[in-house]
Amino acid sequence: MPERLQVLHYEYVPDIAERRAPHRGDHLSLISRWSEDGRIVMAGALGDPPHSGLIVFRIDDPAQVREFVDEDPYVANGLVTDWRVDPWNVVT
């Protein structure tokens, strides 16, 4: 049975690896809270060094992702240069 998830794409500042340290604990705590209640399925940075991130949500309303973005210290502290949400129809 296909499942529809929501994928949050983050684009990071070029020096994210150096600049994220003061905010990383709070960012990961936010992800943990959403994960513990089942709203986040998986999350992580892309690239080595990182250049972007993906967070996969199991929620019905993609507008709920905005709540996460508004609370994320990476966004509040200018580490995310752009973001978008795409539906993902998972078949396997």
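Would you be so kind as to identify which of PRO50, VAL13, HIS23 lies farthest towards the positive end of the dipole of the chain, taking Lys and Arg as +1 and Asp and Glu as -1 on Cβ and the Cα centre as origin?
Most positive-ward Cα: PRO50.
Output ³J(HN,Hα) for the stretch 7-18: one whole-Hz value per residue in order, computed from phi by the Karplus curve 6.51 cos²θ - 1.76 cosθ + 1.60 with θ = phi - 60°, and x for Gly and Pro.
Using θ = phi - 60°, the values come out as 10, 8, 9, 10, 9, 9, 4, x, 9, 4, 4, 7 Hz.
Based on the alpha-carbon set only, what is the convex hull volume of the chain divided per residue, in Å³?
93
Which residue, chosen from ILE40, PRO2, PRO62, occupies the Cα position most advanced towards the positive end of the dipole of the chain, where the dipole is computed from +1 (Lys, Arg) and -1 (Asp, Glu) charges on Cβ about the Cα centre?
Projecting each Cα onto the dipole axis, the largest value belongs to PRO2.
Check which residues have an amide H placed less than 5 Å from MET42's amide H, if you skip close sequence neighbours.
VAL56
Relative contact order for the chain using alpha-carbon pairs under 8 Å, separation at least 6, rounded to a whole percent?
Relative contact order of the chain: 51 percent.
What accessible area per residue comes out for the chain, rounded to a whole number of Å², with a 1.4 Å probe?
Ligands and nucleic acids excluded, the result is 61 Å² per residue.
Could you pull out which residues in the stretch 20-57 have an amide N less than 11 Å from a spot 7 Å beyond the Cα of THR81, following the Cα-Cβ vector?
Counting only backbone N, you get 51-52.
Can you give the extra length, in nm with one decimal, that the chain gains between VAL90 and ASP26 once fully stretched, where that is 0.36 nm per residue apart less the Cα-Cα distance?
Here the segment from VAL90 to ASP26 would lengthen by 20.1 nm.
How big is the charge dipole of the chain about its Cα centre, in debye rounded to the nearest 20, if each Lys and Arg gets +1 on its Cβ and each Asp and Glu gets -1 on its Cβ?
My answer is approximately 120 debye.
The values are calculated or read from the model by the stated rules, or taken from the named source; none is laboratory data. It should be emphasised that the depicted structure is a prediction, and the values quoted were computed from it without experimental measurement. No Cβ is skipped: glycine too gets one built from the backbone with ideal geometry, and neighbour counts run over all protein chains shown. Side chains included, ligands, DNA and RNA excluded: accessible areas come from the protein's heavy atoms. Shrake-Rupley method; radii C 1.70, N 1.55, O 1.52, S 1.80 Å.
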